[in-house]
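Here the structure is laid out as structure tokens; the discussion comes afterwards.
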Amino acid sequence: MWRQTIRIVLSVAVITGCGGKAAPEAPPGAKTQAWAQEEILLQLKELREDVSKLQQDAEAARAMNARITALESAVARDAGAGAAAGREILLGEAAPRGSAGAKVAVVEFTDFECPYCARHFREVFPKIKADFIDTGRIRYYVRNYPLDFHANAKPAAIATVCAGKAGGKYWQMHDRLFSRAGALNADLYTAAARELGLDAQKFATCLSDLPTSQRIDADVQYAQTVGVSGTPKFFVGRIQGNKIVDAVEFSGARSFEVFQAAIDSRLRSP
């Protein structure tokens, strides 16, 4: 822009200089200088307006972030205080992750093609694992809720169950499939089984085994009886035999702070 202004200024100067007499009331140089100053002032005005808009956008972004933080804090407080508490959720045949001595558990109903489930796995689950599972404070269970419009979700769920049956590698398969959630297919399941050192024949037989498919269907049917209609869905409660009691529930990909508040409240329960 400045180079263009200079070129225009020089062009005007050349034209004025080669075009004959200047008006006696204003020398050519004075006219050119006044025009250039007006152009600069106009550009400065536009820049100030741009800066003002950027400042407003930044303030709006800060306000939105503050609102999001406040809402998440409110949800965390509700979870910790026992909002929607009192549920009993069966653990079923889900493979546990964590210490057998833990008194609190998280039960997740998941779908391997659900982007929000994948987001939870990437962003929040590692923090839960580090703070609560690896320290022996809770157990973590996953039950399946493959949605009808996710064609690869049920086969992926079957593959994780078969990894558990064929070699006790349920969680290893679970993590691998969520890490490759955008590329789920039969070849991936077979390759993952081979990499995990599973018995190839047992794994292949399990994949086509009717009882394995029925186990996934049973998870879905049970989930619907406790109000699950989408994924991910979470319940946090105290372990009592093959169920959790006094459970709080929440849906969708939530922040770590929401889980932290709910878990801490149940750990403090008698």
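Here, each number is a calculation from the coordinates, and none is a lab measurement. Bear in mind the structure is a predicted one, so any value in this text is a computation, not a measurement. We place every Cβ from the backbone using ideal geometry, glycine too, and count neighbours over all the protein chains shown.
Report the net charge of residues surrounding LYS154, where surrounding means a beta-carbon distance below 15 angstrom and charges are Lys +1, Arg +1, Asp -1, Glu -1. Before the final figure, lay out the partial values.
Values: positive: ARG143, ARG215; negative: ASP111, GLU113, ASP148, ASP209, ASP217, ASP219.
In short, -4.
Under 13 Å from the Cβ of ALA94, count the other residues' Cβ atoms, weight Lys and Arg +1, Asp and Glu -1, and hand me the total. Display every interim value, and only then the final one.
Working: positive: ARG97, ARG139, ARG143, ARG215, LYS243; negative: GLU93, GLU108, ASP219.
Charge balance near ALA94 sits at +2.
Going out from 0 in 10 Å bins, what whole percent of all Cα-Cα distances in segment 101-251 drops into each bin?
Once binned at 10 Å, the Cα pair distances of segment 101-251 give 11, 40, 38, 12, 0.
Take ARG194 and SER269, extend 7 Å from each Cα along the Cα→Cβ direction, and tell me the distance between the two endpoints in nm.
4.7 nm
For the residues CYS206, CYS162, what sequence is obtained by ranking on other C-beta atoms within 10 Å, fewest first? Please list the in-between numbers first.
On the way: CYS206 21, CYS162 25.
Going from least to most buried by this count: CYS206, CYS162.
Considering only Cα-Cα distances, which of the following residue pairs are longer than 30 Å: LYS103/LYS127; LYS103/LYS202; LYS169/LYS243?
On the way: LYS103/LYS127 19 Å; LYS103/LYS202 34 Å; LYS169/LYS243 23 Å.
Exceeds cut-off: LYS103/LYS202.
What distance in nm separates the simple spin-label points at GLN201 and GLU88, each placed 7 Å from Cα in the Cβ direction?
My value for the distance between the label points is 4.4 nm.
Taking a point 7 angstrom from the Cα of SER213 along the C-beta vector, which residues in segment 149-165 have backbone N less than 16 Å away?
151-162
Taking the Cβ-Cβ separation of TRP171 and ARG62 as r and a Förster radius of 45 Å, what is the calculated FRET efficiency to the nearest 0.05?
The computed FRET efficiency comes out at 0.65.
Counting other C-beta atoms within 10 Å, which of ASP264, ASP134 has the fewest, and how do the rest follow?
On the way: ASP264 17, ASP134 12.
The most exposed by this proxy come first: ASP134, ASP264.
Run through segment 146-212 and list the trypsin sites (Lys or Arg not before Pro) located in a DSSP loop whose Cβ has at most 16 other Cβ atoms within 10 Å. Don't jump to the answer; show the numbers that get you there.
Details: sites: LYS165, LYS169, ARG176, ARG180, ARG194, LYS202; in loops: LYS169, ARG180.
Passing both the DSSP loop test and the Cβ count: ARG180.
For SER99, what residues show an amide H to amide H distance below 5 Å, using hydrogens built from the backbone and excluding near sequence neighbours?
Answer set, sorted by chain and number: GLY136, ILE138.
Local charge sum around ASP199 (other residues, Cβ-Cβ under 11 Å, Lys/Arg +1, Asp/Glu -1)?
It works out to a net charge of +4.
Which percent of Cα-Cα pairs in segment 192-270 sits in each 10 Å bin, short to long?
The calculated distribution, bin by bin, is 14, 30, 27, 25, 4.
Measure off 7 Å from each Cα along the Cα-to-Cβ vector at ARG48 and ALA186, then give the distance between these two points in nanometres to one decimal.
So the two model labels end up 7.1 nm from each other.
Would you mind ranking ARG97, ARG143 so that the residue whose beta carbon has the fewest other beta carbons within 10 Å leads the list?
Taking fewest neighbouring Cβ atoms as first place, the list is ARG97, ARG143.
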